[in-house]
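Report on the structure given below.
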Amino acid sequence: MMYPFLTLDDETEITHSDVLPDGTVKVYVEKPDEKDCFHFFTCYLPDYTVKDVFGFCPEEVEQYMQVIRSTAHLILEFSRQGGFEHASGL
């Protein structure tokens, strides 16, 4: 299951999975694009492995990776607790 985590001002959405059987957490970054429909990539925590980049240049990936790095502790916590809603008690 994927949980919403963050929507940025440029309409980029960041979602994350539960903790996967191998102990990693999948983080998915997706941004609407008029020409391609969506640009996206996947990052796996805790080692920050980036895979399946489509439509983003390396500089853009790094920009979003800075956001992921700065919030990884929250993503990891939320992934263990069933997303933000369950972790926050809402």
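No lab work stands behind these numbers, since they all come straight from the coordinates. Since we're looking at a predicted model, the values are computed, not measured. Cβ atoms come from the backbone with ideal geometry, glycine included; neighbour counts cover every protein chain shown.
Numbers below:
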| quantity | calculated |
| --- | --- |
| The one condition in (1) surrounded by fewer than 16 Cβ atoms within 10 Å (Cβ to Cβ); (2) among the aromatic types (Phe, Trp, Tyr); (3) in contact (Cβ under 8 Å) with a residue 40 or more places away in the chain that TYR3 fails to fulfil | (1) |
| Considering residues of the stretch 12-69 that are in contact (Cβ under 8 Å) with a residue 60 or more places away in the chain and of a type outside the set (A, V, I, L, M) only, the residue surrounded by the most Cβ atoms within 10 Å (Cβ to Cβ) | HIS16 |
